[in-house]
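Data block below; observations after.
Only the coordinates and a few stated rules stand behind these numbers; no lab work does. Quick caveat: nothing in here was measured; it's all calculated off a predicted structure. Cβ placement follows ideal geometry from the backbone for every residue including glycine, while neighbour counts extend to all protein chains displayed.
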Amino acid sequence: MKASGTPTSRGPLSGIRVIDLTTVVMGPSATQILGDLGADVIKIENAGGDSMRWIGPNRTEGMGPLYLNANRNKRSVVLDLKNPDDREALLSLLPDADVFVSNVRPQAMARLGLGYDTISAVKPNIIYCLAVGYGSDGPNAGQAVYDDLTQAAAGIAGLFQTIDGAPRYAPVNISDRVVGLYLAISIISALHHRAVTGEGQEIEVPMFETMAQFVLADHMGGGAFVPPIGNMGYKRLLSRVRGPYPTKDGYLALVVYSDKHWRAFSTMAGQPDLLDTDPRFKSPETRTQYAEDIGNYLKDHLPQKTTAEWIEALRAADIPVHAVNKIEDLFDDPHLKAVKMFSEMEHPTEGRVKVARFPVKFSRTPASIRCLAPNLGEHTEEILPARKKKHAQTSEAQPTKTKTSTGS
């Protein structure tokens, strides 16, 4: 599979063109979803490139794994948007574009003259989407935000403090990835609205508000009522002994949830009458109330067997269970191998690389990996041939000067 060239028209978003001014993780992960679904995504970068390009390990500078895994199915164009000619070059792409998306801070977009009013004046039915740290109506509007800050602000780090006694971050860019999904969903929804009404619109996707809603969906607890009728937080998720649990030879994740599950598990543990004799185990409500005791019960009994023995027994009883995979184990997971989740592809400059396919199946319009992540500016001349000609004429007319790159 080659990284160069125009993506072929496949997928449910075939025919949609996206002008992508996003960098780092959240925005690029969203626009990669659009690209996987068939959109032609034109990634606009400054001369320094997306900062994720430089996070290694790598074979070639500027082509690190975080970048590679959030920027396939895109074409890269280098523009200095502080330069009037380059700004005009960007605006020249708008008549054929459907979506304009950026996670550049709003005040910077205004300074560049790339606000919604300017963009929609060129393309009235454009879907203009800004991913921001905080909503524009609040006192934190315009402040810089990264995943770590959002995990702290939205309560994720505080949930770890409730469990472990000290706040910490989840070891995955969960805020970036979740908000990236909301970003993609919002754009696709606006495209549907435009298909029905012909109207474009401006969209603002704030990280803090999105993650606050996401976290509180699980942990509103008694705070869902006015006045509150109990503490906030879902006890089962906040249990210090929720698991995974040690077995005789490893660790196991399982959810013994329903009464049927518990009768089957307690029978395996030699206590078939547990639900009738111990009030803590009587119902889902009591098991949630005594989540710590329930977790300790599982913790005490699982070391009796190996992980493989438990998986066989629990699956026979239809109790949800899975071994604890390390990240290295995912490539060899039997299920992921059977569904062909991973493949190896040939990148023109990076050689053989491993990729994970888009996970959703479409019977009529399948997603696809049509081109791998582009090198910096790989498609500038292809997409903006007039700019190449103009620069060539300028170079012939003027002495050579040392250029300095500026960010967007």
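Here are the numbers for the structure shown:
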| item | result |
| --- | --- |
| R0 of 35 Å, Cβ-Cβ distance MET220-ALA323: FRET efficiency to nearest 0.05 | 0.60 |
| Gain upon complete extension [ILE55, THR197; 0.36 nm per residue less C-alpha separation] | 46.8 nm |
| Fraction of antiparallel bridges per DSSP, the chain only, in percent to nearest 5 | 30 percent |
| Rel. contact order, % - alpha carbon contacts under 8 angstrom, at least six apart, the chain | 23 percent |
| Contact order normalised by residue count of the stretch 205-334, Cα under 8 Å, 6+ apart, percent | 26 percent |
| Cut-off 19 Å (backbone N to label point 7 Å along Cα→Cβ of ARG168), residues of the stretch 209-240 | 237-240 |
| Coil-residue GluC sites (Glu not before Pro) of the stretch 42-128, DSSP, other Cβ within 10 Å capped at 16 | GLU61 |
| Segment ASP273-ALA110, extension gain: residue separation times 0.36 nm, minus the distance between their alpha carbons | 51.9 nm |
| Percent RCO, i.e. relative contact order, over the stretch 141-282, from Cα pairs under 8 Å lying at least 6 residues apart | 15 percent |
| Burial ranking of peptide ranges 62-70, 29-37, 157-165 (average Cβ count within 10 Å, highest at the top) | 29-37, 62-70, 157-165 |
| Per-selection Rg to Rh, the stretch 245-323 - Cα, Kirkwood hydrodynamic radius | 0.94 |
| Subset of LYS235/LYS282; LYS74/LYS337; LYS43/LYS340 violating a 25 Å alpha-carbon distance limit | LYS74/LYS337; LYS43/LYS340 |
| MRE, 222 nm, helices only [DSSP H, n ≥ 4, -39500 (n - 2.57), over the chain, to nearest 500] | -10500 deg cm²/dmol |
| Backbone N under 17 Å from the TYR257 label point (7 Å along Cα→Cβ), restricted to the stretch 281-318 | 283-289, 291, 295, 314-318 |
| The stretch 29-54 versus the stretch 198-225: alpha-carbon centroid distance in Å | 25 Å |
| Longest DSSP-loop-exposure-free segment, trypsin sites (Lys or Arg not before Pro), the chain, at most 11 other Cβ within 10 Å | 3-325 |
| Gaussian network model of the chain, springs between alpha carbon atoms under 10 Å - residue of VAL241, VAL196, VAL321 with greatest fluctuation | VAL196 |
| Axial C-alpha extent at least 27 Å, average Kyte-Doolittle at least -1.0 - helices from the chain (DSSP) | 174-197 |
| Rg(Cα)/(2.2 N^0.38 Å) for the stretch 125-181, N = residue count | 1.35 |
| GluC sites (Glu not before Pro) restricted to the stretch 177-249 and DSSP loop, no more than 16 other C-beta within 10 Å | GLU199 |
